Each structure stands twice: as structure tokens, then as C-alpha cells.
Amino acid sequence: MSIKEIIPNIKQISEVIWEIPQTHKEGMQVPARIYATEKLLNQMEDTVINQLTNVACLPGIVKHALCMPDGHSGYGFPIGGVAAFDPDKGVISPGGIGFDINCGMRLIRTDLTTKEVRPKLKEIVDLLFKTVPAGVGGKGFVPLTKQQFEEIMTVGVKWCVENNYGWKEDLNRIEENGCIKQADASKVSDRAIQRGINQLGTLGSGNHYLEVQMIRAGQIFDTKIAKKLGIFGENQILIMVHCGSRGFGHQIGSDYLQTFEQAMKKYNITVKDRELACAPFNSKEGQDYYKAMACAANMAFANRQVIIHRVREAFAKIFEQDAKKLGMDIIYDVAHNIAKLETFKVDGKKKELLVHRKGSTRSFGPSRKELMPIFRETGQPVLVGGSMEPGSYLCVGTDKADEETFGSTMHGSGRTMSRTQAKKQFSGEKLQKDMQQKGIYIRAVSMSGLAEEAGNAYKDINEVVDTMDIAGVSKKIVALSPIGNVKG
């Protein structure tokens, strides 16, 4: 059954925008909008529509509840969900952020070419697999005291740079310069600290990966912007990392969900789904969670930083050259599970809003003052992670995103198949062999985990990226193809 049959009153606003009116469900405070081609719209599960319209019922929501083209069923919010709230009247909800707080992407460039890397690819991937711990329960190589971990929660990547796990210039190429300033370690439980203190520099499991990539032939779409971002040509090698705050962020989410279930009674809040448990943003409970969430976000920025430090070490060892001489600069690092205070126009007036992005990437255009000077020429880099087979994209944000989506766009390709379904349908061993035949060398912690991430379990990333390009919300710059992968 198509979405149009499920929701007869859905309205097509443009080629790629669909609106569900407030009359669709009792309690909706605003309409819901989905960004998708008709094909992608019809691939979305019924639960996505139900979750999105439930979000539209939350107190203090502004303008629209949004779903990106990679949208699929999540916890509370759909993954790919975006919602902005009036800080004075609205709420904060862990279900609108995700349990892997600041799960995100980092992309680094190199001056290396495929001709130089291909002969050493197996050696590179094997060394990365050995030096970057992956999988459930993977422990990092950085021993931390509680005091040091609390400092990481508070200052993020700055701690890494000061302790020789990064370069000073890295800070300029990370969202929020690698630190959300509202962090307060006193709002984090001892249990969360126990889970996180040994996880710095670890990849984790699920769809997290460390990937050696090349630019897809003929797929540099804007050479001027590409050059400004450090892309010199089709044979160039890049490295992408996808991971977050691991068990640390998960525990913070779990802790505050329990707190919020009680807070809703206290503040007389009702929600359509208990997974949307929330608290008024300006309440003590809401502020405590926001400060703890910022701690997890800063840990995730630092986690990706330490992983990149290991990547630089590995390439320097194999190519017998300093990583700086290999040109291993960060292009950008973005969060896609986060809530942040940002300013947007509502009814013609600028207003500070609390923007929840869950499986959605910030997509700021050149005019945003938050961006470093280089990105005010190009727009903020947007990193879109695909599955291990079809590849990924480097895009940039636009000023139109400010007007339409609270400066947000897609974060990946989005699942069409549950992990359980994927494991039934695909064999990890066969997938590994098939990928090797295609020139992609992969090391994975488990074959069942590999099967979960088969390319056919995901939407067509090209169509997802094209959707937001057509909408003018993000602009595609370069398509990337994997040649080597470390899979959690």
C-alpha cells in the first residue's frame, strides 16, 4: 500500500516535499513534512508516519515536524527526524536525539592516490583493524583517570589536542570546534562514567565503520568548492569514520528516560508514545539532561579524534612519512544525533530554538556566523555515510536549509530492512568475498554484524542525496566509493 493510500490527505508541496496536515491526528501542534521522492516516500514504513506525527504533537514544537529522505523507524522520533522547539514553551526528549549521542561522521583528506594506496591496501586495513578497537565492548588504548574523563566531557577535542592526539588546526574543522560548552560532568551518573571511561578511541558496532575511500569516477559535481575543501582529483584517497559516544551516551539516555517518565507526571505532560518521554527544556530535569547530553557529545567528538590520530599513525608508518606531509587534514566532522540551541527565523523574526536532529546532519549555508571563515565561502561540509558497498557523499549546506529545515539534511542512506531481516537474507562470509571481488577489502569483528550492513538492506544513497540537492537544502559536491573498510 502506498503512502498516498494510507494518508489520503497528504499534500505534495514540491517535487520532493510532502506535507501531512494537522488534521491528520488529534493533538498535532504543527503539520509534518517529509522530504522524499515518491519512490523513497513509499519505501518508508507506516511507523515512520506514526512517529513523525506523534512528534508533531509535542509541546512547544515550531513550524513543522520534519523527516529526511533517509527516514526510517526509530525510538520515539523516526531516524531522520528533525524538530525545533521554543525553549520557553517546549521540551527536550532523548528520543529526539538517540541513545548514541553525537553519533557522527568525520572525513579526512590525503595527498595520496589510489595508485599509491592500492598495493598497500591490505596492509593498511589490517593495521587499522589491529589499532582501532571495534565491536561491542571494545576498549580504547588511552588510559584515563576519572578527572581526565570529566575534562574530556567538558572540553572535548581540546583535551585531545593538548595531549598529542591531534593538531591545533583540527579544532577549526569540527562542528562546534569539538566542544558543546553547556556540558556539566556533575549531571552524569557514575554508571555512565564506568561505561565510557575505557571507550575513547573505539569504533563500536552496528553500522559504525572506518573506511578508506576514493572519489567515484566522474563524480566531482562542483570542482571549485571541492578544491576549497581539499579535493584535488578523482584518484585521491580519503578516510571516513562513523561512530559516536558508545555505551557512555547510551547510559546517559537510559538514565534520563527514567527521570523524564517521572517529570512528565510532575509537569502534567502527556505524549502519544512513551518513547517520547520528555521534560520542559527550562526545567531542572530538562537542563540536567541537556548538560549531560553535551558531555556525551564532547566525548564522541574526542572519540573520533583519537581514532583519526590512530589512522594518521597507521598511514605514517606504512608510507614512512609524517602524517602532515601526507596531507591528512580533517575536511570536517559532523554530529547527527544531537540537540542544540540555534537561531532561525520564525514568522519573519529571528528566534533561538532547541533543534533536535536524530539521524540528521546540520546543513548550514555560507551566511551562518557559526562557521569558520573558510566555510563561509562554501557552506558547511555535510558528510553523508552510505553502506559499505554503494559509497558515501561529501555535500555542503545552503542558506535555503535555514529557511526550510532548521539548517538540517540527511545523514546517510537509511535502512529499508531491519537488522534481523538482513541477517536472515545475507551471509557475512559471502558478502565479504563479493566485496573483495569488487575491489573492497574488509575486516569485520563478526560475520553476522557484516550481514546486517549489506548494501541491499539500505535505500539508494544516490536518490537520497539527490532529493535534498533538488530541494536546495544541501548541495552535492563529491561521491565517494569504498576500497577498504574496518567494520565494528
(request) Please work out which residue is surrounded by the most Cβ atoms within 10 Å (Cβ to Cβ), limiting yourself to the stretch 346-368 and to residues that are over 18 Å from Thr409 (Cβ atoms) and in contact (Cβ under 8 Å) with a residue 40 or more places away in the chain. (result) Leu354
(message) Restricting to the stretch 32-50, and then to whatever is assigned to a strand (DSSP E or B) and over 19 Å from the mean Cα position of the chain (by Cα), can you tell me which residue is surrounded by the fewest Cβ atoms within 10 Å (Cβ to Cβ)?
(response) Arg33
(request) Can you tell me which residue within the stretch 260-278, out of those that are of a type outside the set (Asp, Glu) and surrounded by fewer than 17 Cβ atoms within 10 Å (Cβ to Cβ), is nearest to Tyr209 (Cα to Cα)? (result) Arg274
(message) Within the stretch 454-465, does at least one residue satisfy the condition of being over 30 Å from Phe375 (Cα atoms), under 18 Å from the mean Cα position of the chain (by Cα) and surrounded by 21 or more Cβ atoms within 10 Å (Cβ to Cβ)?
(response) yes
(request) Residues that are closer than 22 Å to Ser254 by Cα: find the strands (runs of 3 or more DSSP E) completely inside the stretch 51-145 holding 3 or more of those. (result) 79-85
(request) Within the stretch 370-390, identify whether any single residue is farther than 30 Å from Ile442 by Cα, in a loop (DSSP other than H, G, I, E, B) and polar (S, T, N, Q), and answer yes or no. (result) yes
(request) Considering only the stretch 14-25, state which residues are β-branched (Val, Ile, Thr) and surrounded by 13 or more Cβ atoms within 10 Å (Cβ to Cβ). (result) Val16, Ile17, Ile20
(request) Could you grab me the full set of residues in the stretch 381-417 that are out of contact with any Lys or Arg (no Cβ under 7 Å at 6 or more places or on another chain) and of a type in the set (Phe, Trp, Tyr)? (result) Phe406
(request) Would you tally the residues in the stretch 421-443 being surrounded by 14 or more Cβ atoms within 10 Å (Cβ to Cβ) and touching a strand residue (DSSP E or B) at 6+ places or on another chain (Cβ under 8 Å)? (result) 8
(request) Kindly establish whether Phe319 is out of contact with any His (no Cβ under 9 Å at 6 or more places or on another chain) and surrounded by fewer than 18 Cβ atoms within 10 Å (Cβ to Cβ). (result) yes
(request) Output the residue which, of all residues in the stretch 222-259 that are touching a residue at least 24 places away in the same chain (Cβ under 8 Å) and of a type in the set (Ser, Thr, Tyr), is surrounded by the fewest Cβ atoms within 10 Å (Cβ to Cβ). (result) Ser254
(request) Just name the residue that is surrounded by the fewest Cβ atoms within 10 Å (Cβ to Cβ) out of those in the stretch 155-199 that are under 21 Å from the mean Cα position of the chain (by Cα) and among the β-branched types (Val, Ile, Thr). (result) Val155
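Read-outs throughout are calculated quantities, based only on the coordinates presented, and are distinct from any laboratory measurement. Bear in mind that the values here come from a model prediction, so they are computed numbers and not experimental data. All Cβ positions, even for glycine, are placed from backbone atoms using ideal geometry, and neighbour counts span all protein chains on display.
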